[in-house]
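To start, the structure itself, in structure tokens.
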Amino acid sequence: MSEDLRKVAIIGSGPAGLTAAIYAARGDLHPIMIEGTLAGGQLMLTTEVENYPGFIDGIMGPDLMGAMRKQAERFGTEFLTDNVTEVDFSERPFTIRTSDRVIKAETVIISTGASARMLNVPGEKELLGHGVSTCATCDGFFFRDKDLIIVGGGDSAMEEATFLTKFATLGTVVHRRDSLRASKIMQDRAFANDKLEWKWNSTVSEVYGNGKVEGVKLTDTVTGEVTDFPTGAVFIAIGHDPNTKLFEGKLELAGGYIVTKPGTSETSVPGVFAAGDVVDSRYRQAITAAGMGCMAAIDAERWLEAAH
Ligand code: NAP
């Protein structure tokens, strides 16, 4: 196993990590990014991104990530296409292990993101980005004057359902029980919305369509009865899981998310910084993640300058 000592190691290659890499590389810190075998983060699963500033006509998610990666590379970021298997933050320099490398780093920026929970039903994966979406803010606009469904009964589902009725003709919330998990205020707002209908005790057991979503099969969780439900889009809002398994017991976490000192990217371990969806259950946007990546690179640079 080879061993390197780096000033900055970045784990995770979504907008937060790549922005951190651009800033750290331009700051002459020669960062190494361990980008994972499925590099690029959640934007690799989307189609058109229309709300990332600077792209008047929109840009495809994978193209945006490809451009960020090239920009990070241009300033000298080294990429390692592997997954991190273990980290040790108990002593400095910190240690990051992959399947065949040991990287020692004076600072670490964690930007491992979050994964939207999926239903894991037939058709869902194939039609992701073609009517199946996990982000109403990103994709709602594409379903103007269409009928659509929202799956879930929590605050996210209520928020997304309410937001989607700005565009959709009708939204149907599909929830697996007969009462919502969402907070009272979010429930009240959703119930008062006459563009929302409700399918209680129901799960989506299949998504179908030829190149784009045409409908779903709903299964009644009480009777087991399966019905056909034509619809133009399926918004899945059943929660997100931050990708923090590697950091359990090594950094302070809250609800699975890495805790950072307010207004900074500092984690509970000095010299370890975190940015993007791995710290953020609230905004979850590419542009907010990128902003946090910038903060993390600046925090790391200042921390190194202070010669800890
Ligand atoms: P959540 O509270 O965990 O709710 C997930 C919902 O999805 C639940 O209703 C759950 O059903 C359902 N669900 C989970 N797995 C499912 C599956 N496999 N099939 C069908 N349904 C499934 O997640 P969240 O709504 O994303 O909220 C996460 C956190 O962020 C919460 O603390 C929430 O309050 C907060 N949040 C706040 C706001 C706000 O205040 N503006 C907005 C969004 C999120 P069950 O109810 O049966 O478990």
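Below 8 Å between Cα atoms, with a sequence gap of 6+, how large is the relative contact order for segment 118-236 in percent?
On the way: 263 pairs, mean separation 38.9, N = 119.
RCO, segment 118-236: 33 percent.
Residue by residue through segment 55-66, which ³J(HN,Hα) values in whole Hz follow from phi under the Karplus form 6.51 cos²θ - 1.76 cosθ + 1.60 (θ = phi - 60°), with glycine and proline marked x?
10, 4, 9, x, 8, 6, x, x, 5, 4, 5, x
Quick one: if the Förster radius is 45 Å, what FRET efficiency do E73 and E225 give, using the C-beta to C-beta distance and rounding to 0.05?
0.25
Which one of I238, L304, S133 is farthest out on the positive end of the charge dipole of the chain, using unit charges on Cβ (Lys, Arg +1; Asp, Glu -1) and the Cα centre as origin?
L304
Which cysteines does the chain leave without a neighbouring Cys Cβ under 4.7 Å?
C294
Using 0.36 nm times the number of residues separating R302 and I287, minus their current alpha carbon distance, what extension gain do you get?
Extra length available between R302 and I287 comes to 3.1 nm.
Order T95, T137, most accessible first, counting only protein heavy atoms with a 1.4 angstrom probe.
Listed by decreasing accessible area, they come as T137, T95.
Going by accessible area, probe 1.4 Å, with all protein chains left in place, what is the ranking of Y208, Y52, largest first? Mind dumping the intermediate values first?
Values: Y208 60, Y52 35 Å².
Largest accessible area first, the residues go Y208, Y52.
Give the cross-link partners of K195 among the aspartates and glutamates, using a straight C-alpha distance below 14 Å as the criterion and excluding same-chain residues fewer than 8 apart.
D145, D147, E159, E160
How many nm separate the modelled label positions at K184 and E206, each set 7 Å beyond the Cα in the direction of the Cβ?
Inter-label distance under the simple model: 4.2 nm.
Between segment 201-225 and segment 228-299, what is the C-alpha centre distance in whole Å?
31
Please give the helix 155-164 orientation as an angle from the longest Cα principal axis of the chain, in degrees from 0 to 90, rounded to the nearest 10.
Taking Cα atoms only, the helix is inclined about 70 degrees.
Over segment 64-149, what is the mean sequence separation of C-alpha contacts under 8 Å (at least six apart), divided by residue count, expressed as relative contact order in percent?
Across segment 64-149, relative contact order equals 13 percent.
In the P(r) worked out for segment 86-171, what percent of Cα pairs fall beyond 14 Å? Write out the running numbers ahead of the final one.
On the way: 2650 of 3655 pairs.
In whole percent, the share of Cα-Cα pairs in segment 86-171 beyond 14 Å is 73.
Solvent-accessible area per residue for the chain at a 1.4 Å probe radius, Å²?
Roughly 49 Å² per residue, with all protein chains present.
Nearest 20 debye, what's the magnitude of the dipole of the chain about its Cα centre given +1 on Lys and Arg Cβ and -1 on Asp and Glu Cβ?
320
Based on the Kirkwood radius over alpha-carbon pairs, what value in µm²/s does the Stokes-Einstein equation return for the translational diffusion coefficient of segment 118-236 at 37 °C and 0.692 mPa s?
236
Once R0 is set to 30 Å, what does the formula 1/(1 + (r/R0)^6) return for the Cβ-Cβ distance between D194 and E50, expressed as a FRET efficiency to the nearest 0.05?
0.60
Hey, what number do you get for the chain at 222 nm if only DSSP H runs of n ≥ 4 count, each worth -39500 (n - 2.57), divided across all residues, to the nearest 500?
Theoretical 222 nm ellipticity from helices: -6500 deg cm²/dmol.
Take the solvent-accessible surface of the protein heavy atoms, probe 1.4 Å, and return the percent of it on segment 1-107 that carbon and sulfur atoms account for.
Carbon and sulfur: 49 percent of the exposed surface of segment 1-107.
Relative contact order for the chain using alpha-carbon pairs under 8 Å, separation at least 6, rounded to a whole percent?
With pairs under 8 Å counted, the relative contact order is 21 percent.
May I ask you to list the lysines whose Cα is less than 18 Å away from that of K250, ignoring any residue fewer than eight positions away on the same chain?
The reachable lysines, counting only those whose Cα sits under 18 Å from K250, are K104, K261.
Using Cα positions and a limit of under 30 Å, work out the lysines in reach of K199, with same-chain residues fewer than 8 apart set aside.
K125, K146, K166, K184, K212, K217
The values are calculated or read from the model by the stated rules, or taken from the named source; none is laboratory data. Fair warning: this is a prediction, and the values are worked out from it, not measured in the lab. Note: ideal-geometry Cβ built from the backbone for every residue, glycine included; neighbour counts use all protein chains shown. Keep in mind that these areas ignore ligands, DNA and RNA; they rest on the heavy atoms of the full protein, side chains included. Shrake-Rupley method; radii C 1.70, N 1.55, O 1.52, S 1.80 Å.
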